[in-house]
Amino acid sequence: MQDILSLAATNLLSPIILSFALGVAAALARSDLNIPEAVAKGMSIYLLFAIGFKGGVSVADHGIDGTLALSLVAGIVLSAVLPLIAFALLQVLGNLSRLDAAAVAAHYGSISIVTFVAGTSVLEASGITSEGYMVAVAAAMEAPAILSALWLVSRGGDSRRMDSELMREIMLNGSIVLLVGSFLIGWITGVDGLVKIEAFIVSPFQGVLCLFLLDMGLVAGRGLRGGSGVLRPGVLAFGLVMPLVGASAGLVAGLLLGLSTGGVALFMVLSASASYIAVPAAMRVALPEANPSIYLTLSLGVTFPFNLTIGLPVYVAVASALTGG
Amino acid sequence: MQTHQAKRVAIIIEQVMESRLTGALEDAGVTGFTILPVLGGSGRSGAWSREGQVSRGTGMVQVVCIIRPERLDAMLEAAFAVVERHIGVVTVSDCEVLRAERF
């Protein structure tokens, strides 16, 4: 318990979390602080490239085994199953329409890549290593949840099919292409490749992540300000309970796979996080009648800050305790 | 200067639907249109601003096209098939153009 509190305190007072808090506070106080859209986009490209590349280098350095394939399968299964759990939980807590509940559930099966990046940063700061291929697991967990949500809707008699254009957009969305592409580049070029661009993708990483999370704080704060009246208490509670349910499922999967402490922690982070980039876009196409204020406010305004401030240190501490790391 | 009657159709729609809408317009024979970013606004779903949007799913665009009056119905039918279930505004107004053969 002492370890968890110590790690939580260290995490809460880290520059990345304080930058996020500054963004939330500025938005809630209606400050005109703003990160230009193009700058935010540039930073997200940088972070995705860096995290993918470093993951690829790690795989090249340590080699791969059967656990990689099993981890990918486990990630896909989790992404497909978590929406079913989320949907059931929403039936109990949320009193939402079937469409809204399915749309929310899709977000909680998919992942937040920013939470994943912050998770790797917390692990690095704690000196805990993880499997480099978790980047590929993150990419694999983006899409299955969307199919599960559409299945949930179709079970209610409202047949929605996934058209090929939507499937292409989901599978080839910029984040996935960049993450997987940079992972492959890192894997192919290995440590030699890393040495050549280390000054660009390693040293500035934490500083860029601070500014990016400042922007995410602004977005989350604005979302909270605008959507505070949208969420009923039950739905709000779901946004705090579901990450813990997801993290527990990720913990079981990570332990069964025999991953390292960092790998288990990242599986928990991925399973606990909720999408706010890929899935909202897919939901607007496939389920346009679902209320975006509910799922965006929940995933971005409630679950993302919860995971960033409280979830990450708890997941890392639990993974450490159970793996002896 | 000689001008010619035409119709100006402006469709404000979610960004994720942009390619689907322009694809439907092209299938209906409408090959000329302009796409503009939308900065913000307010409607039945409340106020909205482009500032700070993190997801492409929540952005909006405006697709504007100028066509001959006799092609309006076919064009609106094609557009409506795409925008029917989505947030958005479709307006039609009269306008005049200088070079009728281009529309």
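Structure above, values below:
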read-out: Reachable aspartates and glutamates from A:K41, criterion Cα separation under 14 angstrom, eight or more residues apart if same chain; value: A:D215, B:E51
read-out: Computed [θ] at 222 nm, helices only, for chain A once each DSSP H run of length n ≥ 4 contributes -39500 (n - 2.57); value: -25000 deg cm²/dmol
read-out: Candidates A:S273, A:S58, A:S31: whichever shows maximal mean-square fluctuation once chain A is modelled as a Gaussian network with Cα springs under 10 Å; value: A:S31
read-out: Amide proton proximity set for A:E131, modelled H, under 5 Å, gap of 5+; value: A:S260, A:G263
read-out: Karplus (6.51, -1.76, 1.60) ³J(HN,Hα), θ = phi - 60°, over the stretch A:132-147, in Hz, Gly and Pro reported as x; value: x, 6, 4, 4, 5, 4, 4, 5, 5, 8, 5, 8, x, 4, 5, 5
read-out: Computed helical MRE - 222 nm, chain B, DSSP H runs ≥ 4 contributing -39500 (n - 2.57), nearest 500; value: -6500 deg cm²/dmol
read-out: Extreme residue, positive dipole direction of the stretch B:4-94, given options B:V89, B:S42, B:A24 (C-beta unit charges); value: B:S42
read-out: Cβ-Cβ FRET estimate between A:T67 and A:V92, R0 fixed at 56 Å, reported to 0.05; value: 0.95
read-out: For the protein assembly as shown, convex hull of alpha carbons as volume per residue, Å³; value: 163
read-out: Per-residue HN-Hα couplings for the stretch A:305-317 [Karplus 6.51, -1.76, 1.60; θ = phi - 60°; Hz; x = Gly/Pro]; value: x, 4, 4, 5, 8, 9, x, 3, x, 5, 4, 5, 5
read-out: Derived scalar couplings ³J(HN,Hα) [the stretch B:80-96; Karplus, 6.51 cos²θ - 1.76 cosθ + 1.60; whole Hz; x for Gly, Pro]; value: 5, 4, 8, 8, 3, 8, 10, 5, x, 9, 10, 10, 10, 9, 7, 8, 10
read-out: Of B:S19, B:S93, B:S42, the one that fluctuates the most in a GNM where chain B has Cα springs shorter than 10 Å; value: B:S42
read-out: Gaussian network model of chain A, Cα within-10 Å springs - most flexible of A:L214, A:L179, A:L12; value: A:L12
read-out: For the stretch A:180-262, alpha-carbon Rg over 2.2 N^0.38 Å; value: 1.64
read-out: Averaged over A:213-222, number of beta-carbon atoms from partner chains that fall within 10 Å; value: 2
read-out: Reachable lysines from A:K54, criterion Cα separation under 18 angstrom, eight or more residues apart if same chain; value: A:K196
read-out: Alpha-carbon centroid distance for the pair the stretch A:184-215 / the stretch A:86-165, whole angstrom; value: 26
read-out: Exposure rule at most 16 other beta-carbon atoms within 10 Å, DSSP loop trypsin sites (Lys or Arg not before Pro): chain A longest free segment; value: A:162-325
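Each reported figure results from applying straightforward, stated rules to the coordinates on display, with no laboratory input. Bear in mind that the values here come from a model prediction, so they are computed numbers and not experimental data. Heads up, the Cβs are rebuilt from the backbone with ideal geometry, glycines too, and the neighbour counts pull from every protein chain shown.
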